[in-house]
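Beneath this line is the structure, given in structure tokens, with notes to follow.
The values are calculated or read from the model by the stated rules, or taken from the named source; none is laboratory data. No experiment lies behind these values; they were computed from the predicted model shown. Cβ coordinates were reconstructed from backbone atoms using ideal geometry, including for glycine residues, and neighbour counts include every protein chain displayed. The area values use the complete protein model at the heavy-atom level, side chains included, leaving out ligands, DNA and RNA. Shrake-Rupley method; radii C 1.70, N 1.55, O 1.52, S 1.80 Å.
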Amino acid sequence: MTKNNTPAEGVSLVYQCRLNVSTHTVEYMAGLLREHLKAIKSPFRTLPPARIALLVLANLRHDQRVLDLAGGNDVPESTLRRWRDEMIGLLAAKAPRLDRALKKIAKRDGEVVLLDGTLIPTERRTGAEDRRNYSGKHHRHGLHFLALTDEKGRLVWISAARPGRTHDAKAARHEHIVDHLKAAGLGALADLGFIGVDNPDDPDDLVIVTGYKATRTRKLTPGQKEANRVPAAGRAPVEHGFAHLKNWRVLTKLRTNPGRATALLRALLVLTNIEVNR
């Protein structure tokens, strides 16, 4: 049977869609691309840098299919995918490192940061990767990552993406969060998932404040319940940071290679900060 991919009536239909990002973001991405093209001595592209930036933003913000975007702009799908991956790499390179992000907050006379983990849904994988990406907490497949925000909920750092079954505490130990906080002279507010990450001999040296956790055999006292309300209220802005990040609909359900998810998340961190802080 012969496949026929031509549109009905032989006409290719194209529609316009509003892209809710600022022109400053488009100009920033276009500037990055121009600098990159100059560095690699490859000034030619089928479309101008600003147009390429707009198409990449449409894919990231609205999760528009690359095939549809390519067809509507008369460029090959493989070319647009290459442009998208190139732009994600350029943006991810601008994402701050953990130590530098914390030192920057300390220089602004900051005292604490907000630490939390979240899950980005993904499609089911085949083989061993399928089980590793399943989160028993969220009852779905995904990739886990940590994020740090300042006291106002502005994202300052994102960790590498890990399999969905990764626990918050394990990810924090792998990233040496405690050591970096102590080096910068900062503390952190976190939820009960980070209990046990920071276990100093002297309680006064505690840098990650989590609160108290009840068990089946030990209920919380009224004083402990009241003490839990303080970090819980202080951690509220971190959810605002996650909300801004997840406005990029490409994160609704990742279809990219999990190995590339870290670069994508860090690229979106840069774009989120440009949008929020403009």
Return the subset of LYS137/LYS219; LYS94/LYS246; LYS213/LYS253; LYS182/LYS213; LYS103/LYS170 for which the Cα-Cα distance in this structure is over 30 Å, preserving the input order. LYS213/LYS253
Using Cα-Cα distances under 8 Å and only pairs 6 or more residues apart, what relative contact order does the range 79-166 have, in percent? 27 percent
Heavy-atom accessible area of GLU123, protein chains in place, probe 1.4 angstrom, given in Å² to nearest 10, is 90 Å²
Please report Rg over Rh for the chain, where both radii come from the alpha carbon positions and Rh follows the Kirkwood definition. 1.04
In Å, the Kirkwood hydrodynamic radius from C-alpha pairs for the range 213-262 sits at 14.3 Å
May I have the extent of the alpha carbons of the range 23-152 along their three principal axes, as whole Å values ordered from largest to smallest? 46, 45, 25
Where only protein heavy atoms count, and the probe is 1.4 Å, what is the accessible area per residue for the chain in Å²? 59 Å²
Could you tell me what a quarter of the Cα convex hull surface of the range 178-231 works out to, in nm² with one decimal place? 4.3 nm²
Magnitude of the Cβ-charge dipole (Lys and Arg +1, Asp and Glu -1) of the range 147-278 about the Cα centre, nearest 20 debye, reported as 920 debye
The chain: calculated mean residue ellipticity at 222 nm from DSSP helix runs of at least 4, using -39500 (n - 2.57): -13500 deg cm²/dmol
The range 190-241: relative contact order as a whole-number percent, Cα under 8 Å and 6+ apart: 35 percent
So what is the relative contact order of the range 151-278, in percent, for Cα pairs below 8 Å that sit 6 or more residues apart? 31 percent
With the crude spin-label approximation of a point 7 Å out along Cα→Cβ, what separation in nm comes out for LYS107 versus CYS17? 4.0 nm
Projected area averaged over orientations for the range 107-235, convex hull of C-alpha atoms, nm²: 9.7 nm²
Share of accessible surface on carbon and sulfur in the chain, whole %, 1.4 Å probe and ligands ignored, is 50 percent
Could you pull the accessible area for ARG260 with a 1.4 Å probe, rounded to 10 Å²? 130 Å²
When all protein chains stay in place, what accessible area (Å², nearest 10, 1.4 Å probe) is found for VAL156? 20 Å²
